[in-house]
């Protein structure tokens, strides 16, 4: 979901920059470029987390630097179903919790006893 919203915002900013650039405001091209720089670290973290879900190390991101084949391999790793159960990077994020979470609102939380 993050990647979808991120892409839609970047496309909207790019369209605005192109329209304003044609109107004589060329410096608005920094809008999408600035947004892409601002979201680079969260996007990288999301990709590493997804690789961990499939039981691969985060260093596999570097395979995208290999021309032609690298991005295809990385795409395969990201669309692959995650490992069921716990792997070396932690529990399965899709697994249902064994105990329902209790609200923690401090002294305002109702007593559950």
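Computed from the coordinates by the stated procedures, all read-outs in this text should not be read as laboratory data. Source: prediction; values computed, not measured. Every residue, glycine as well, gets a Cβ built from its backbone with ideal geometry; the counts of neighbours run over all protein chains shown.
A few comments on the model shown:
- Count - residues of the range 70-81 that are buried (at least 16 other Cβ atoms within 10 Å of the Cβ) and part of a loop (DSSP other than H, G, I, E, B): 0
- Tally, over the range 59-69, of residues that are part of a helix (DSSP H, G or I) and more than 13 Å from residue 47 (Cβ to Cβ): 2
- Residue count for the range 1-49 under the criterion of being under 21 Å from residue 75 (Cβ atoms) and not in a helix (DSSP H, G or I): the result is 2.
- Only residues that are within 30 Å of residue 61 (Cα to Cα) and surrounded by 13 or more Cβ atoms within 10 Å (Cβ to Cβ) were counted in the range 18-41, giving 7.
- For the range 82-91, a tally of residues being farther than 20 Å from residue 3 by Cα, in a loop (DSSP other than H, G, I, E, B) and in contact (Cβ under 8 Å) with a residue 24 or more places away in the chain returns 3.
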